[in-house]
Amino acid sequence: MMIKCYSLPNCPMCEMLKDKLSEKAILFEEIQDKEILMNKNISHVPCLEVNGIILKFADALKWVNNYGND
């Protein structure tokens with residue numbers, strides 16, 4: 001499974017999402033490159049990309065919270 005976390009520096013919600021990923025021991029690649037964000041049409045961070053699907057913050061939190069519960 002490939003997980004990418006799109007975030008920006010000094011973003012409290014980004015830190016919260018990254019902390020939750022770490023708490024669940026979910027490996028992820030963090031991407032903070034604004035050009036990449038623009039190319040992916042990401043206008044708000046944080047977002048997760050899970051196997052090619054972009055999840056906005058609320059859906060990303062749900063996904064992380066449910067991870068491993070299936």
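The values are calculated or read from the model by the stated rules, or taken from the named source; none is laboratory data. Source: prediction; values computed, not measured. Every residue, glycine as well, gets a Cβ built from its backbone with ideal geometry; the counts of neighbours run over all protein chains shown. Each accessible area value is taken on the protein alone, full model and side chains, heavy atoms only, with ligands, DNA and RNA left out. Shrake-Rupley method; radii C 1.70, N 1.55, O 1.52, S 1.80 Å.
Could you list, in sequence order, the residues of segment 15-34 that are under 12 Å from the mean Cα position of the chain (by Cα) and under 17 Å from Lys62 (Cβ atoms)?
Of everything in segment 15-34, those that are under 12 Å from the mean Cα position of the chain (by Cα) and under 17 Å from Lys62 (Cβ atoms) turn out to be Met16, Leu17, Lys18, Asp19, Lys20, Leu21, Ile26, Phe28.
Need at least 1 residues that are of a type in the set (Val, Ile, Thr), open to solvent by 60 Å² or more (accessible area, probe 1.4 Å) and free of Cβ contacts under 8 Å to residues at least 40 places away in the same chain per element, so show me which helices (runs of 4 or more DSSP H) inside the chain make the cut, counting only ones lying wholly within it.
In the chain, the matching helices (runs of 4 or more DSSP H) lie at 34-39.
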